[in-house]
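Engineer: Structure below; questions to follow.
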């Protein structure tokens, strides 16, 4: 009657076993890594932050149509010049936009350190280079 009942399958041991286990772990190599101090390299096919090459974009908007979270917007800023905005707070990092794009404008990187305190910083805009077009128009070529 006075016997203490434990959980089913729980091993009952001596009170000093836990202390021996704790002291023994002090001299073992840790099972975790020293993450912020030692950078972690993600595997090759890890789907991280999308990057957009605006100079290659034709404005077909297939990436917008195929994005399940509607995180991409494309804006025309000039003749055959487009810029993209990707809301990383909405993005589910599925890489569907990369697979859909016929010109391979979107690259999926292995960047995973994307945390921000301000939600506005999660919206990334990739601007098209308009200086080359302006130089060509002014020189007449």
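The values are calculated or read from the model by the stated rules, or taken from the named source; none is laboratory data. What you see is a predicted model; the values in this text were computed from it and never measured. Note: ideal-geometry Cβ built from the backbone for every residue, glycine included; neighbour counts use all protein chains shown.
Engineer: For the condition surrounded by 14 or more Cβ atoms within 10 Å (Cβ to Cβ) and either modelled with pLDDT under 95 or closer than 16 Å to residue 49 by Cβ (or both), what is the one hit in 92, 105?
Structural biologist: On the way: 92 fails: surrounded by 14 or more Cβ atoms within 10 Å (Cβ to Cβ).
Result of the check over 92, 105: 105.
Engineer: If you don't mind, another one. Within the range 52-68, can one find any residue that is loosely packed, with under 13 Cβ neighbours inside 10 Å, under 16 Å from residue 124 (Cα atoms) and at pLDDT 90 or above?
Structural biologist: No - not one qualifying residue is present in the range 52-68.
Engineer: Further, regarding this structure: Looking at 136, 113, which one is modelled with pLDDT under 95, surrounded by fewer than 11 Cβ atoms within 10 Å (Cβ to Cβ) and more than 15 Å from residue 51 (Cα to Cα)?
Structural biologist: 136
Engineer: How do the pairs read when you match residues in the range 33-54 that are free of Cβ contacts under 8 Å to residues at least 60 places away in the same chain with residues anywhere that are outside any loop (DSSP other than H, G, I, E, B) and surrounded by fewer than 16 Cβ atoms within 10 Å (Cβ to Cβ), using Cβ under 9 Å and keeping only pairs 6 or more apart or on different chains?
Structural biologist: 50/107
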